[in-house]
Amino acid sequence: MADRLAELRPEHADGFRARAAALEADLTPRIAAWEQAAATVRAQPVVHYTKQWEYLEAWLGIRCL
């Protein structure tokens, strides 16, 4: 996304790319921690009543009922 924004607004390209790199640096350890935390519940089904958890099922391998 930062690259596309940089194409559209080249005068702000450095800022877009710097913020994207900062976001990636912030999220990378968080994602690893979330995946590790989810590993403890993968064997247990989770009950929910909305379709909004589908992305978590796919990403974390959680089985929802």
Potential lengthening between Thr50 and Arg9 on full extension [0.36 nm per residue; Cα-Cα distance subtracted]: 10.9 nm
1.4 Å probe accessible area per residue over the chain, in Å²: 82
Point-charge dipole on Cβ atoms (K/R +1, D/E -1) for the chain, about Cα centre, debye to 20: 260
Helical contribution to [θ] at 222 nm, DSSP H n ≥ 4, -39,500 (n - 2.57), averaged over the chain, rounded to 500: -20000 deg cm²/dmol
Heavy-atom accessible surface of the chain: percent carbon and sulfur, 1.4 Å: 60
Arg63-Arg42 pseudo-label distance in nm [points 7 Å out on the Cα-to-Cβ vector]: 1.3
Three-way shape label, the range 11-51, alpha-carbon gyration tensor, a/c 1.5: oblate
Helix 13-39 vs. the chain, principal-axis angle (Cα, 0 to 90°, nearest 10): 10
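The values are calculated or read from the model by the stated rules, or taken from the named source; none is laboratory data. Keep in mind it's a predicted model, so treat the numbers as computed, not measured. Here the Cβ is made from the backbone with ideal geometry for all residues, glycine too, and neighbour counts use every protein chain on show. The protein model used for the area step is the full one, side chains on, heavy atoms only, and it has no ligands, DNA or RNA in it. Shrake-Rupley method; radii C 1.70, N 1.55, O 1.52, S 1.80 Å.
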